[in-house]
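A.B. asks: Questions regarding the structure given below will be posed in turn.
No value in this document is a laboratory result; all are computed from the given coordinates. Just so it is clear, the structure is predicted and the values come from calculations on it, not from any experiment. Neighbour counts run over all protein chains shown; Cβ positions are idealised from the backbone, glycine included.
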Amino acid sequence: MAVERTLILIKPDAMRRALAGEILRRFEARGLELRTARLVRVDRDLAERHYAVHREKPFFGELVEFITSGPTLALVLEGEGAIATCRQTIGVTNPADAAPGSIRGDLALSMPDNLVHGSDSPETAAEEVALWFGDELA
Ligand code: IDP
Ligand code: MG
């Protein structure tokens, strides 16, 4: 399997609850390597670009409010099959359905406060790493 990079966001709810260390620990424990990190106060423009695919969804306004509500810790993680493995470690979108053992299944209750974002494909991972980190990792 290919070595991949993925964008992980430790979202404002996780930062408010002081779960950044716990969440990063779970990724590191799986063997993923931290390549870079940045604490970001997300503005509306970045929020709307990052979540552009959801622009027409009924929850878009609430989602932008949420992701701009406090600092977000943006990470790039690297490893074999990193994109799918991170999504599994995170758990499914709605914490109510997320399996125990996953981050959302252990630590979150409802949307939009589901603690973590992980890129969902090699194409979105490349776009998202570029959006959040520019050519720093090129
Ligand atoms: P993902 O984060 O698991 O990839 P997406 O479907 O891409 O999930 O949705 C992006 C984010 O939007 C979710 O992580 C969650 O914070 C929020 N969200 C998704 N669906 C809903 C909803 O029905 N109500 C409120 N927020 C939602
Ligand atoms: Mg998504």
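A.B. asks: Starting from 0.36 nm per residue, how many nanometres of slack lie between Glu22 and Ala130 once their C-alpha separation is accounted for?
C.D. replies: Residue separation times 0.36 nm, minus the Cα-Cα distance, leaves 36.3 nm.
A.B. asks: I want the local charge near Arg55. Using Cβ-Cβ distances under 12 Å, sum +1 for each Lys or Arg and -1 for each Asp or Glu among the other residues.
C.D. replies: With Lys, Arg at +1 and Asp, Glu at -1, the net is 0.
A.B. asks: Could you work out the pair-distance distribution P(r) of the chain from its alpha-carbon pairs, with 10 angstrom bin width and percents rounded to whole numbers?
C.D. replies: 12, 45, 37, 5
A.B. asks: Quick one: grab the alpha carbon gyration tensor of the stretch 60-138, order the square roots of its eigenvalues as a ≥ b ≥ c, and give me rounded if a/c is under 1.5, else prolate or oblate depending on whether a/b is larger than b/c.
C.D. replies: oblate
A.B. asks: Next question. Let me know the charge dipole size of the stretch 68-126 about its Cα centre in debye, to the nearest 20, where only the beta-carbon of Lys, Arg (+1) and Asp, Glu (-1) is charged.
C.D. replies: Here the stretch 68-126 has a charge dipole of around 120 debye.
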